[in-house]
Amino acid sequence: MKTKLFVAGLDWAIDTNELKAIFGQYGTVVYAKVVTDENQRSRGFGFIEMSSQDEAEASLEGLN
């Protein structure tokens, strides 16, 4: 079962590819997105979808 995560407090310099790479250390990232404004600047939050609950929990433990 896939698990969606909301990620807040991101560094303004992190883009979607970097976010995916960071969470990819803990499992398979199905979807990653850093939310941006109309000028394509990060808004400091994003969304991740991991391929399993265990991977999502491992990423939370490792990154929190």
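May I ask you to verify whether residue 3 is modelled with pLDDT of 95 or more, of a type in the set (S, T, N, Q) and over 8 Å from the mean Cα position of the chain (by Cα)?
No.
Mind listing whichever residues of the range 1-20 are assigned to a loop (DSSP other than H, G, I, E, B) and open to solvent by less than 60 Å² (accessible area, probe 1.4 Å)?
Those that are assigned to a loop (DSSP other than H, G, I, E, B) and open to solvent by less than 60 Å² (accessible area, probe 1.4 Å): 10, 14.
Working only within the range 35-64, note down all residues that are open to solvent by less than 80 Å² (accessible area, probe 1.4 Å), touching a residue at least 12 places away in the same chain (Cβ under 8 Å) and part of a strand (DSSP E or B).
Within the range 35-64, 35, 42, 44, 45, 46, 48, 49, 50 meet the criteria.
How many residues are open to solvent by 30 Å² or more (accessible area, probe 1.4 Å) and free of Cβ contacts under 8 Å to residues at least 40 places away in the same chain if we restrict to the range 21-34? Don't jump to the end; show me each part of the working.
Filtering the range 21-34 down to residues open to solvent by 30 Å² or more (accessible area, probe 1.4 Å) leaves 21-22, 24-26, 28, 30-31, 33.
Then drop every residue that is not free of Cβ contacts under 8 Å to residues at least 40 places away in the same chain, which leaves 21, 24-26, 28, 30-31, 33.
Within the range 21-34, residues that are open to solvent by 30 Å² or more (accessible area, probe 1.4 Å) and free of Cβ contacts under 8 Å to residues at least 40 places away in the same chain number 8.
The values are calculated or read from the model by the stated rules, or taken from the named source; none is laboratory data. Source: prediction; values computed, not measured. For neighbour counting, all protein chains shown are included, and Cβ atoms are generated from backbone atoms with ideal geometry for every residue, glycine included. Just the protein is used for accessible areas: all its heavy atoms, side chains included, with ligands, DNA and RNA removed. Shrake-Rupley method; radii C 1.70, N 1.55, O 1.52, S 1.80 Å.
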